[in-house]
Amino acid sequence: MTGFLAFDDLTPNPIEVARQRRIARGGYIDLTSSNPTHHGHVFPAALLSQAADAYWVARRYEPDARGAPAARAAIAHYYAGRTPACSIPPAQIAITASTSEAYGLLLALLTDPGDNILTPAVSYPLLEYLAGIHRVELRPYALDERHGWQIDQASLRAQADGRTRLVLVISPHNPTGMVVRAALPALTALQLPVVCDEVFAEFGYSVDHVPPFAALHPELPVFMLNGISKMFALPDLKLGWIACNAPAHQQYGERLEILNDMYLSSSGLIQAMLPVIMRDGGAFIGQMRRHIRHNIRIALELLGTSHQITAQPPDGGYYLFPAIAGWPDEERLVLHLLEHGVLVHPGYFYSYDHGTHLMISCLVAESQLRAGLARLLGGIAHP
Ligand SMILES: Cc1ncc(COP(=O)(O)O)c(C=O)c1O
């Protein structure tokens, strides 16, 4: 066999097998979900209809290799309003169908097969598949758990070699919640392009504002990724983007435009809707942010009642990634918790194998979160 995943074992892992069995026996509380539309975060329908109306009346196909100009202007306006403000002219933005697609375009743009890219460990699963498609190696750099999961700069420098083509940063990071708050001298020293995934940027917890990465490192080529999937809880409407700072645009803008022009995957409809969504969607973001912050507070309070659990308040994002004492085998713990009727992910799903960790999503309704965490606390205390 040749090609994508040709040598991988695709049989379901033991947690998935147990999950299916548990469904047959009456279900469980899911504390892993990252789908906002399953938990009452539904963007106002009236706003979406209003945003779509104008498109149907004056519909014409006007393809643009970087995406519809009015949508790019709305995105540029969004960066101007970030803290600190970030100037990204519309010409430096490419609209894609999602940030996942944006990752793929950037790997095609910046790497050749056999190259490597620096990625955080703790990681998230999409990256391995993307690396597989593009035949590049993921080189993990460490996040320092004892210091709020901040990027370990010595590790970053040690992992780079002559075939390293980019550094991937996720801020707020999934699932540790870490936010990069200041420039990192190690990145300046490496002089590599940085791709920064900021899909959780609107969901600060300990930090009030997530700085746009381009504002921290104006000297490096920086590609910031974001989209409506998390920001407005609209993953089904398919719009993401790549915002290039000046060095990234100067060095790579022309080739990125040709790459994006190959597919033009984001629909004309959602691009036409974006200016209204961005102009009027602020209240919805605020409501979702309050709900998530409230849930994180509750989860930290409940987890704090167990001496076996160390849960750090995240800088941002939806998730908690607590360390668990007394359970050396992560998989055994997750299977045991499933028996107690609650599903969480083990740290190894995120390529992290230092001690035992669980990934808990705080997106769910408060009642579900409380009930799920009660089961989790009971399960951890009773092996
Ligand atoms: C950190 C991070 N980036 C990107 C994505 C994917 O976003 P999109 O729906 O825009 O592809 C996810 C999805 O969970 C994510 O957690």
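The values are calculated or read from the model by the stated rules, or taken from the named source; none is laboratory data. In this text the structure is predicted, and so the values were computed from the model without any measurement. For neighbour counting, all protein chains shown are included, and Cβ atoms are generated from backbone atoms with ideal geometry for every residue, glycine included. Ligands, DNA and RNA are stripped out before the accessible areas are found, and what is left, the full protein with its side chains, is counted by its heavy atoms. Shrake-Rupley method; radii C 1.70, N 1.55, O 1.52, S 1.80 Å.
Looking at Y124, Y129, which is the one that is outside any loop (DSSP other than H, G, I, E, B), surrounded by fewer than 20 Cβ atoms within 10 Å (Cβ to Cβ) and within 16 Å of the ligand (Cβ to nearest atom)? Can you show your working first?
On the way: Y124 fails: outside any loop (DSSP other than H, G, I, E, B).
Criteria check complete, one pass: Y129.
For residues that are closer than 21 Å to A54 by Cβ, in a helix (DSSP H, G or I) and of a type in the set (G, A, S), tally how many sit in the range 241-282.
3
Would you call L225 open to solvent by 10 Å² or more (accessible area, probe 1.4 Å) and in contact with a strand residue (DSSP E or B) (Cβ under 9 Å, 6 or more places away or on another chain)? Don't jump to the end; show me each part of the working.
Working: open to solvent by 10 Å² or more (accessible area, probe 1.4 Å): no; in contact with a strand residue (DSSP E or B) (Cβ under 9 Å, 6 or more places away or on another chain): yes.
Criteria not met by L225.
Answer yes or no as to whether P383 is surrounded by fewer than 23 Cβ atoms within 10 Å (Cβ to Cβ) and under 25 Å from V207 (Cβ atoms). First the steps, then the outcome.
Details: surrounded by fewer than 23 Cβ atoms within 10 Å (Cβ to Cβ): yes; under 25 Å from V207 (Cβ atoms): no.
So P383 fails the test.
Can you tell me which condition T305 does not meet? The list is (1) part of a loop (DSSP other than H, G, I, E, B); (2) within 16 Å of the ligand (Cβ to nearest atom); (3) open to solvent by 20 Å² or more (accessible area, probe 1.4 Å); (4) hydroxyl-bearing (S, T, Y), and all the others hold.
Going through the list (1) part of a loop (DSSP other than H, G, I, E, B); (2) within 16 Å of the ligand (Cβ to nearest atom); (3) open to solvent by 20 Å² or more (accessible area, probe 1.4 Å); (4) hydroxyl-bearing (S, T, Y), T305 breaks only (2).
Please name all residue pairs, on different chains or six or more residues apart, with Cβ atoms under 8 Å, provided the first residue is in the range 220-247 and is within 10 Å of the ligand (Cβ to nearest atom) and the second residue is at pLDDT below 95 and open to solvent by less than 10 Å² (accessible area, probe 1.4 Å).
Listed pairs, sorted by first residue: K230/P36; P235/P36.
Could we say that Y103 is crowded, with 20+ Cβ neighbours inside 10 Å, away from the ligand (no atom under 16 Å from the Cβ) and part of a helix (DSSP H, G or I) here?
Numbers: crowded, with 20+ Cβ neighbours inside 10 Å: yes; away from the ligand (no atom under 16 Å from the Cβ): no; part of a helix (DSSP H, G or I): yes.
No, not satisfied.
For the range 345-383, give me the residue count where each residue is polar (S, T, N, Q) and touching a Leu at 6+ places or on another chain (Cβ under 7 Å).
In the first step, residues of the range 345-383 are kept if they are polar (S, T, N, Q); the result is 351, 356, 361, 367-368.
Keeping just the survivors that are touching a Leu at 6+ places or on another chain (Cβ under 7 Å) gives 356, 361.
Selection size over the range 345-383: 2.
This table checks each residue for (1) of a type in the set (A, V, I, L, M, F, W, C); (2) open to solvent by 40 Å² or more (accessible area, probe 1.4 Å).
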position: G27; (1), (2): no, no
position: L31; (1), (2): yes, no
position: S34; (1), (2): no, yes
position: P44; (1), (2): no, yes
position: P63; (1), (2): no, yes
position: R66; (1), (2): no, yes
position: A76; (1), (2): yes, no
position: P84; (1), (2): no, yes
position: I88; (1), (2): yes, no
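With respect to H345, is the statement that it is farther than 23 Å from D144 by Cβ and open to solvent by 10 Å² or more (accessible area, probe 1.4 Å) true?
Working: farther than 23 Å from D144 by Cβ: no; open to solvent by 10 Å² or more (accessible area, probe 1.4 Å): yes.
When the stated conditions are applied, H345 does not pass them.
Tally the residues that are open to solvent by 20 Å² or more (accessible area, probe 1.4 Å) and part of a helix (DSSP H, G or I), restricting the search to the range 192-216.
Total meeting the criteria: 2.
For the range 308-358, which residues satisfy the criterion of being closer than 23 Å to M178 by Cα, acidic (D, E) and in a loop (DSSP other than H, G, I, E, B)? Quick ask: steps written out before the conclusion?
Just the residues of the range 308-358 that are closer than 23 Å to M178 by Cα, to begin with: 308-325, 330, 344-358.
Okay, now just the ones that are also acidic (D, E), so 315, 330, 353.
Listed by number, the residues that qualify are D315, D353.
Looking at (1) within 16 Å of the ligand (Cβ to nearest atom); (2) modelled with pLDDT of 95 or more; (3) closer than 30 Å to P69 by Cα, which is the one condition that is false for A91?
Against the list (1) within 16 Å of the ligand (Cβ to nearest atom); (2) modelled with pLDDT of 95 or more; (3) closer than 30 Å to P69 by Cα, A91 comes up short only on (1).
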